[in-house]
Structure formats: structure tokens, C-alpha cells
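Here's the structure, in C-alpha cells; my notes come after.
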Amino acid sequence: MRSIVARMAADRTSGASELVAEAIEAVRVALRDGTEAAEEVARAICEAQPAMASFRNLAAAAAAERGEPGALERFEARWRRAPAALARAAQEALAPEPGVPLRFVTCSFSGSVLACLRGIARANPVHVTCGEGRPMLEGRRTAEALVAAGIGVEVRTDAAIAGALPGCDGVLVGADAVTPAWFLNKAGTWQLAAAAGLAGAAVYVLATRDKFVDLQVGDSLRPPDHDPREVWDGAPAGVTVCNPYFERVALGLVTALITDAGVQAGPGG
């Protein structure tokens, strides 16, 4: 378990949906030794990835095993059904007419966004502009996956992404946490959403319900700053380099939340 937790803590590029599968399996194995062991592993995973709300909900399911045997199994079942339901909701909301060409803008990497775009592309010609996602360049991973799915893609630097907004059919972003007031996503999402508002482009957050938490839990999430050398290795004395991976984005910038339970209008919708 220690090696699994350490590997998850060191992961800088995987999306939340990819890490949750491994986390569920780790907690399930620990549950064989009792609920205390499962809770301990769940807490360690939350510490390993302190910005991801799915792990908090997983930990809550592990703790619920004390009074509700099967809580972890039910959490996993809902989590496994959610991506297909999310993709259906996205297709209904974003591509109601088959065959119509669509152009979207996104940033970094999100498994949820990628799955939804693949689903939409089965019935509509799709072109995507993606920000590269500095400093780890997860946007390149998105571009490779989109091209493999037959989707046209353009990659821009994060600073130049606003140039792709005029006339697009929407900005699609994922989330590592969603609260009633804000959502958490890769740094750079705030400026993209704000620029979309100025350009008259709709902003859609694509997230399954395992990422939804109340404000109290949301405020306990602690997105860390990462190694400044990823931004500037060898910065001179007197220069402070900050390397945040995540940031809070106000839901007021969001047109709608697309979830596995359907579409929720955002304050900005």
C-alpha cells in the first residue's frame, strides 16, 4: 500500500478519473483487514493527492463501511457508470444535431473531456484547440488522444489560447473538485474562462458527481505548489518561482455544469 500511495503522490500528469480506479482497488484490498485499515489507506491517498475531491468521497465511503457494509462497492458502481452517463449528457447538450461541424477549446488534460469529445465525434465533425498545459504539457497528451480518435486538433501555448475563442462552440474543461461556489482545475483555467466570457463563448465544466463536495470539504482541499525547477531550473537568487498546478475558478464564469446526472445551469449561464 505504501508503494501505491507513494506512486500516486508522485503522479503529476494523470487526471482524477485515472487515479480513482487505482485508489478504489487499494482501499478494497485494505478492507480485507477491516474498516480501520481501509480508512487508513483512504486517508493516506487523500494526503497524497490533496486537491482531488473524488478521494475525499472515496474516504467517506470507506468510513461508511462501519455502519453500511457495501458502501465502497456502491461508490465504485456509481463511479463506473458515471463516465458513460456524462458522455451522453454532453452529447445531448453540446451536439443535439448530428452532422453539424463543431469547434471546441480546452486546456491541459481531462479524461472526462476527452471521453465526451470522442462521443460527440462519432456523430459530428469536431475540431479542438487545446492549451498545452504548462509546465508538464499535459495538453500534448490530449492532442495525441484526439488525433487517435480522428479529431482535428490544434495546440497553442497557454498564453495564446484566447485567440481560438471567437466563434467556437464552447470551452470544455474538467474539474478535480466542484463546490457550490467554485471548481478546482488546472492553473490557467481561470484566465481561459474569463477570456471566454469576454469573447462571448460558453464555458462548460464536465465532471462526474464523485467530484462534487460541499464548501466545508472544498475548503479543506489543499492544492500544493510543486517544484519551482519545473518552471525555471537555476533561477537566480532573489527570484521567487511559484508553480501551482491547480486553482479555484468561480462558478460565476461557468455557463453550465455537465454531469452524469444531466446539465445544471451555472451562475454565468
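The values are calculated or read from the model by the stated rules, or taken from the named source; none is laboratory data. All figures in this text were calculated on a predicted structure; none of them were measured in a lab. Because the Cβ atoms are built from the backbone with ideal geometry, glycine has one as well, and the counts that use them run over all protein chains shown.
Specify the residue that is farthest from the chain's Cα centre (by Cα); the eligible residues are those in the range 72-106 that are closer than 30 Å to Val41 by Cα and surrounded by 17 or more Cβ atoms within 10 Å (Cβ to Cβ). First the steps, then the outcome.
Filtering the range 72-106 for residues closer than 30 Å to Val41 by Cα gives 72-86.
If we keep only those that are surrounded by 17 or more Cβ atoms within 10 Å (Cβ to Cβ) as well, we get 72, 75-76, 79, 82-83, 86.
Working: Leu72: 22, Phe75: 18, Glu76: 18, Trp79: 14, Ala82: 14, Pro83: 12, Leu86: 13 Å.
Residue satisfying both the conditions and the ranking: Leu72.
Considering only residues that are assigned to a loop (DSSP other than H, G, I, E, B) and in contact with a helix residue (DSSP H, G or I) (Cβ under 6 Å, 6 or more places away or on another chain), which ones fall in the range 98-145? Reasoning before the result, please.
From the range 98-145, those assigned to a loop (DSSP other than H, G, I, E, B) are 98-101, 108-110, 122-125, 132-137; that's our starting set.
Answer for the range 98-145, where residues must be assigned to a loop (DSSP other than H, G, I, E, B) and in contact with a helix residue (DSSP H, G or I) (Cβ under 6 Å, 6 or more places away or on another chain): Ser108, Phe109, Glu132, Gly133, Arg134, Pro135.
Within the range 25-45, which residues are surrounded by 23 or more Cβ atoms within 10 Å (Cβ to Cβ) and either under 26 Å from Thr259 (Cα atoms) or not aliphatic (A, V, I, L, M) (or both)?
Within the range 25-45, Val27, Ala42, Ile45 qualify.
Consider Ala159 against the criteria (1) touching a residue at least 40 places away in the same chain (Cβ under 8 Å); (2) surrounded by fewer than 23 Cβ atoms within 10 Å (Cβ to Cβ): it satisfies all of them except one. Which criterion is unmet?
Evaluating Ala159 over (1) touching a residue at least 40 places away in the same chain (Cβ under 8 Å); (2) surrounded by fewer than 23 Cβ atoms within 10 Å (Cβ to Cβ) leaves (1) as the failure.
If the requirement is being without any contact (Cβ under 8 Å) to a residue 24 or more places away in the chain and either in the same structural domain as Gly174 (by TED's automatic domain parsing) or aliphatic (A, V, I, L, M) (or both), which of these qualifies: Ala53, Ala30, Ala60, Ala23?
Testing whether each residue is without any contact (Cβ under 8 Å) to a residue 24 or more places away in the chain and either in the same structural domain as Gly174 (by TED's automatic domain parsing) or aliphatic (A, V, I, L, M) (or both) leaves just Ala60.
Can you tell me which of Pro135, Pro83 is closer than 30 Å to Arg32 by Cβ and in contact (Cβ under 8 Å) with a residue 60 or more places away in the chain?
Step by step, each of Pro135, Pro83 is checked, and only Pro83 is closer than 30 Å to Arg32 by Cβ and in contact (Cβ under 8 Å) with a residue 60 or more places away in the chain.
Within the range 13-27, does at least one residue satisfy the condition of being in a helix (DSSP H, G or I) and over 25 Å from Arg141 (Cβ atoms)?
yes
Considering every residue within the range 206-219, establish whether at least one is within 14 Å of Val254 (Cα to Cα) and in contact with a Cys (Cβ under 9 Å, 6 or more places away or on another chain).
Scanning the range 206-219 turns up at least one residue that is within 14 Å of Val254 (Cα to Cα) and in contact with a Cys (Cβ under 9 Å, 6 or more places away or on another chain).
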